[in-house]
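The structure under discussion appears below in the form of structure tokens.
Just so it is clear, none of the values below were taken in a lab; they were calculated from the coordinates. Since the model is a prediction, treat every value here as computed from it, not as a measurement. Positions of Cβ are generated from backbone atoms using ideal geometry, with glycine treated the same way; all protein chains shown enter the neighbour counts.
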Ligand SMILES: Cc1cc2nc3c(=O)[nH]c(=O)nc-3n(C[C@H](O)[C@H](O)[C@H](O)COP(=O)(O)O)c2cc1C
């Protein structure tokens, strides 16, 4: 268990402990994605709360695509000064911060009809039923370049790295998926072709940010449905990403609201666990690559997290909902109060007034005071 509070490295970066704030959309930015006092307050709380690395909520890379209200933006240079203030604030508290960059796509019902939503093919997203526009080659090139440019802005803003969101049925995940990607050109069909979009984004980004700037990739372990991306394919993607120079991999799933009800069920040969839903998948990958693997999903008990750290090669542990409930959780654990997180994994934390825990009754007043 003590290992959890020892330093580790992600590429050129040293983290003070093994805890990561998983990327979490806060719904607290302005309409056009700019910082607010509340949002600075959220990040101050997290940095003071002891987490080694903070991933921001997903930030949109082009102005014309925004899958949710109140999300952060990184689509032009106007963001750089305010993010410099943010990264300085986090660094003052001895924490590190990366920006998660995303193109949402069809996993949204936000402002439909008002904008063009890109997709690999015209296949409705299984949950939202939203249909996107099958991208042309020029549109693919536009998004590849937008990821790279947003990453460079992140570097110029003082972020310690970036995280490419390639999970949760967002656009990159859909390109990887044989279900969503029905293309017949060089971006679809074979496994190699489905990987091309992600690899082009990675390579364009690496070229702009240089070799020393950490690039993390968040992936879905398996899509958990027949015909979707399998764990076998994800394992191959991870090896390829290691080979091209990714600095760490975050192994997630796309079923967080439902995962708690699926505990004990097996998919692609591995089982969902009560503590750390997807850690069996992360464990397999962590033994197959030589870059850090981060597990995320359903981690609430430090004793159980300690056991996973002892029994697997998983390097870091990312939490989202528990930190929406208790941003000081890691410090609390470190200082000796090792009772599990108050988080009930109920996913009621998305509210119109911002995303925070509604079960922890103190939280509403704390948010109001930020
Ligand atoms: C309110 C909310 C917002 C989220 N926003 C993001 C996001 O911006 N990017 C992302 O990759 N995942 C996002 N997630 C998923 C989390 O990062 C995490 O993968 C998931 O909640 C499982 O972890 P947990 O059990 O610790 O909450 C979000 C989850 C919640 C509850």
Within segment 313-345, of all residues that are within 13 Å of the ligand (Cβ to nearest atom) and part of a helix (DSSP H, G or I), the one surrounded by the fewest Cβ atoms within 10 Å (Cβ to Cβ) is 325
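If I ask for residues that are surrounded by 19 or more Cβ atoms within 10 Å (Cβ to Cβ) and over 29 Å from residue 54 (Cβ atoms), which ones from segment 166-182 would you list?
Listed by number, the residues that qualify are 180, 181.
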Identify, please: which residue in segment 152-183 is assigned to a helix (DSSP H, G or I) and more than 16 Å from the ligand (Cβ to nearest atom) and is, among those, farthest from residue 63 (Cα to Cα)? 175
Answer yes or no as to whether residue 20 is over 17 Å from residue 108 (Cβ atoms), more than 16 Å from the ligand (Cβ to nearest atom) and buried (at least 22 other Cβ atoms within 10 Å of the Cβ). no
Can you find, within segment 290-312, the residue that is farthest from residue 336 (Cα to Cα) among those that are touching a strand residue (DSSP E or B) at 6+ places or on another chain (Cβ under 7 Å) and assigned to a loop (DSSP other than H, G, I, E, B)? 291
Could you check how many residues of segment 25-45 are under 20 Å from the mean Cα position of the chain (by Cα), surrounded by fewer than 22 Cβ atoms within 10 Å (Cβ to Cβ) and more than 12 Å from the ligand (Cβ to nearest atom)? 6
Of the residues that make up segment 133-147, is at least one closer than 20 Å to residue 213 by Cα and within 16 Å of the ligand (Cβ to nearest atom)? yes
For segment 58-71, name all the residues that are closer than 24 Å to residue 293 by Cα and touching a helix residue (DSSP H, G or I) at 6+ places or on another chain (Cβ under 9 Å). 59
Which listed residue is buried (at least 20 other Cβ atoms within 10 Å of the Cβ), more than 12 Å from the ligand (Cβ to nearest atom), in contact (Cβ under 8 Å) with a residue 24 or more places away in the chain and part of a helix (DSSP H, G or I), from 202, 213: 202
Complete set of residues in segment 133-149 that are buried (at least 16 other Cβ atoms within 10 Å of the Cβ) and either in a helix (DSSP H, G or I) or within 22 Å of the chain's Cα centre (by Cα) (or both): 140, 143, 144, 145, 146, 147, 148, 149
Give me the pairs: first residue in segment 320-332 and in contact (Cβ under 8 Å) with a residue 24 or more places away in the chain, second residue more than 12 Å from the ligand (Cβ to nearest atom) and outside any loop (DSSP other than H, G, I, E, B), beta-carbon distance under 6 Å, and six or more apart or on different chains, which are they? 327/45; 327/46
